[in-house]
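Everything below concerns the one structure shown next.
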Amino acid sequence: MQNIHPTAIVHPNAKLGKNTKIGPFCTIGENVVMGDNNELISHVVIDGHITIGSNNRFFPFCTVGIMCQDLKYKGEPTRTVIGNNNQIRECVTIHASGTMDEDTVVGNNCLIMAYAHVAHNCQIGNNVIMSNAVNLAGHVHVHDSAIIGGLSAVHQFVKIGTQAFIGGASAIKKDIPPFTRGQGMDYKIAGLNSVGLMRQGYSEEVISGLKKLYRLFYRSKLNVSQALIEAEKMAPFSKEQELFIDFIRKSERGISLNTQSSE
């Protein structure tokens, strides 16, 4: 059963799941595929080649799946993929990918607050929170359970690690290692996201192990390459330590190194 307001415009080829609720003045395009129990409150536009999971809520004036703003885009049928149990708040924009080799993706259980922007080719993990007016440039990857404070802007191709906490009004130009916290227009790492880790149930042993690595990369006088060599001597690693090190190993833009306090 579907509940579609008479003022909504739904293309006859769109595929809608069970218990879909589409409110006043919404627009659903031809190539939209939606799962069950989704709700579009009002004035929502969903278009383009997009697949949406189940149990999502789309709030007024958000726009999802439309053509990207990349000037290199040549009109290919690029895609957007939205998972399950997400809240997409007022005036959020989520654009389709600019290339056929990579979709724009939002995972599961995310909260994307009002006026946030997810650009082409972005990859958003699970349980991510983007506060009001966060702007992600193209190809940004945000890993699981990261939190980005309001009015922050993230440069293209930046990667933000799992459980990272970014304070509001930050400008992110380099990769943010997992489990860290920081803030600033000239972004500065402030330490581990220890409070967040404790709230998520990480043990004192795990947090202590991450602190050892953090001090090596951020409190020693070693450069990143030297710190990686020294870090290898600390093996065997917990899975969290391995994730931290592997993120730094694979960083292409380089990691944020400025610090503002001790840990």
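Taken over the chain, the alpha-carbon convex hull comes to 124 cubic angstrom per residue. Of the beta bridges in the chain, as assigned by DSSP with both residues counted there, near 10 percent are antiparallel.
Using Cβ contacts closer than 10 Å as the measure, can you line up MET113, MET100, MET67 from fewest to most?
In increasing order of surrounding Cβ atoms, one gets MET100, MET67, MET113.
Of the listed pairs LYS21/LYS72; LYS221/LYS250; LYS21/LYS159; LYS211/LYS233; LYS173/LYS212, which have alpha-carbon separations greater than 27 Å here? Flagged as over cut-off: LYS21/LYS72; LYS21/LYS159. For HIS11 and ARG215, what is the calculated FRET efficiency with R₀ set at 45 Å and r taken between the beta-carbons, to the nearest 0.05? Once rounded, the FRET efficiency stands at 0.20.
Once you reduce segment 181-229 and segment 127-179 to the center of their Cα atoms, the two points are 16 Å from each other. Rounded to the nearest 0.05, what FRET efficiency is calculated for GLN69 and ARG253 with R0 set to 35 Å and r the Cβ-Cβ distance? After rounding to 0.05, the efficiency reads 0.95. Note on segment 78-163: Rg/Rh from C-alpha atoms, Kirkwood Rh, equals 0.92. Relative to the current alpha-carbon distance between ILE229 and GLU76, full extension at 0.36 nm per residue lengthens the span by 50.7 nm. Distance between the pseudo-spin-label points of ASN19 and LEU151 (7 Å out from Cα toward the beta carbon): 4.0 nm. Dimensions of segment 1-153 based on its C-alpha atoms, expressed as ranges along the principal axes with the largest first, amount to 38, 32, 21 Å. Taking label points 7 Å from Cα along the Cα-to-Cβ direction, SER238 and ASN3 give a separation of 4.6 nm. Note on segment 197-250: dipole from Cβ charges, positive end direction compared against PHE237, LEU213, GLN226; the farthest Cα belongs to GLN226.
Taken together, the values in this text are just the output of simple stated rules run on the coordinates, not laboratory data. Remember, predicted model here, so these are calculated numbers, not experimental data. In this analysis, Cβ positions are derived from the backbone assuming ideal geometry, glycine residues included, and neighbour counts consider all displayed protein chains.
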